[in-house]
Every structure is written in C-alpha cells, then in structure tokens.
Amino acid sequence: MQKHLPIILGWILALLVWGTVGQTEPIAQAAPAPSQQELITVQVHLGNGANELKFEPNQLEFEAGKRYKLVLDNPSNVKHYFTAKDFADVIWSQKVEAGNVEVKGAIHELELKPGAVAEWVLIPLKPGTYELHCSVAGHAEAGMRGTIHIS
C-alpha cells in the first residue's frame, strides 16, 4: 500500500486539477437583500421658511431597483402633504421613520406638520413619470406640484 501511495496521491491531484480546467469565472456572490442595499439620500422640502407653496425640488429622479432614503421636511408654518399615490403603488416601502415612530407597509401619503421631518426608505420598482402634489385645499392649485420620474 505504501508504494502505491504516490500513485494514488498523483491521481487525486490530477482529478482536482482536471476538475478546475476551463473554470475562469469567479464564483458568483449572492446579491444583498433589498433591505441591505446601500441607501441613496434624496432631500425634499415641503414649502419653505417664506411659506411659499412649493416642493423644493419639484422634480425627483429615481432609478428602479435602487434603495433610497427620501428625507422630507416642512420648514413652513403650515402643514403639507406629500401625495403621490401612483408613485407609491410602484415602489416597495421598507419603512417611514418620523420622530420615535417607524411605520411599515403600504404608504400612499405623508402629512408633515410645521417643522416635521420624516424619512421614507423605499425601492422604486416600475419606470414611469408620476404626479406629486400637496393635497391640502388650495396648495396644489397655488403651485405645490411636482413630478417623480423613475428610470
């Protein structure tokens, strides 16, 4: 048996080398879970300190499949809504955080009282252009409108 050991080891080595011939590509890494993707932060002001009825910015750009933290704040002295139902229908919402509260599940509209800040973590899923407006009476008509584009 001892005199056959070098032959056996040689065959094992040959099988190992032969089994890797032609394998030039690295083993694929598993993609991170959606909730573990890197966050891209987008800041939106609902109104401003001069109480103008507008979103700043009023044109938002997202890329389908990427994870975003949409930081919404209301620097004005009146409440505002971030209303974009069609957009909300084509995203995956991980959570909304406001104060010491975290909300999970389907979200279609956020109301921000004066001085409020909310963070909406989401992943856009379907490309398209969607309407954004404030649904407080008279605000959209006065110019508090925008668009959200997902590429």
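The values are calculated or read from the model by the stated rules, or taken from the named source; none is laboratory data. The model shown is predicted, which means the values in this text are computed figures rather than measured ones. Glycine also receives a Cβ, built like all others from the backbone with ideal geometry; neighbour counts cover every protein chain displayed.
Kindly list the number of the only condition in (1) within 30 Å of ALA33 (Cβ to Cβ); (2) among the hydroxyl-bearing types (Ser, Thr, Tyr); (3) touching a Ser or Thr at 6+ places or on another chain (Cβ under 9 Å) that fails for TYR81.
(1)
What are the pairs with Cβ atoms under 6 angstrom where one residue, in the range 85-110, is farther than 12 Å from VAL121 by Cβ and the other, located anywhere, is of a type in the set (Val, Ile, Thr) and not in a loop (DSSP other than H, G, I, E, B)? Sequence gap at least six, or different chains.
Cβ pairs passing all conditions: PHE87/ILE148; GLU109/THR83.
For the range 45-58, state whether one or more residues are surrounded by fewer than 16 Cβ atoms within 10 Å (Cβ to Cβ), in a strand (DSSP E or B) and touching a residue at least 24 places away in the same chain (Cβ under 8 Å).
Scanning the range 45-58, I find no residue that is surrounded by fewer than 16 Cβ atoms within 10 Å (Cβ to Cβ), in a strand (DSSP E or B) and touching a residue at least 24 places away in the same chain (Cβ under 8 Å), so the answer is no.
Identify the single condition in (1) more than 20 Å from GLN43 (Cβ to Cβ); (2) of a type in the set (Asp, Glu); (3) modelled with pLDDT under 95 that GLU141 does not satisfy, given that it satisfies every other one.
Answer for GLU141: the failing condition is (3).
Can you tell me which residue is farthest from the chain's Cα centre (by Cα) among those in the range 96-135 that are over 22 Å from GLU38 (Cβ atoms) and of a type in the set (Val, Ile, Thr)?
For the range 96-135, the residue satisfying everything is VAL101.
So which of SER151, SER135 is touching a strand residue (DSSP E or B) at 6+ places or on another chain (Cβ under 8 Å), within 19 Å of PRO57 (Cα to Cα) and surrounded by fewer than 12 Cβ atoms within 10 Å (Cβ to Cβ)?
SER151
Results for (1) modelled with pLDDT under 95; (2) more than 19 Å from GLY143 (Cβ to Cβ); (3) touching a Gly at 6+ places or on another chain (Cβ under 7 Å); (4) acidic (Asp, Glu), shown as yes or no for each residue.
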site: HIS45; (1), (2), (3), (4): no, no, no, no
site: ASN74; (1), (2), (3), (4): no, no, yes, no
site: ALA88; (1), (2), (3), (4): no, yes, no, no
site: ASN100; (1), (2), (3), (4): yes, yes, no, no
site: VAL103; (1), (2), (3), (4): yes, yes, no, no
site: ALA106; (1), (2), (3), (4): yes, yes, no, no
site: ALA118; (1), (2), (3), (4): no, yes, no, no
site: PRO127; (1), (2), (3), (4): no, yes, no, no
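Scan the range 138-148 residue by residue and report those that are assigned to a strand (DSSP E or B) and buried (at least 20 other Cβ atoms within 10 Å of the Cβ).
Result: GLY146, ILE148.
Of all residues in the range 99-132, which are surrounded by 17 or more Cβ atoms within 10 Å (Cβ to Cβ) and either of a type in the set (A, V, I, L, M, F, W, C) or assigned to a loop (DSSP other than H, G, I, E, B) (or both)?
Across the range 99-132, the qualifying residues are LEU110, LEU112, ALA116, ALA118, TRP120, VAL121, LEU122, ILE123, LEU132.
Among the residues of the range 98-120, what is the count of those that are more than 14 Å from PHE82 (Cβ to Cβ) and either touching a His at 6+ places or on another chain (Cβ under 6 Å) or not polar (S, T, N, Q) (or both)?
Total satisfying the criteria: 8.
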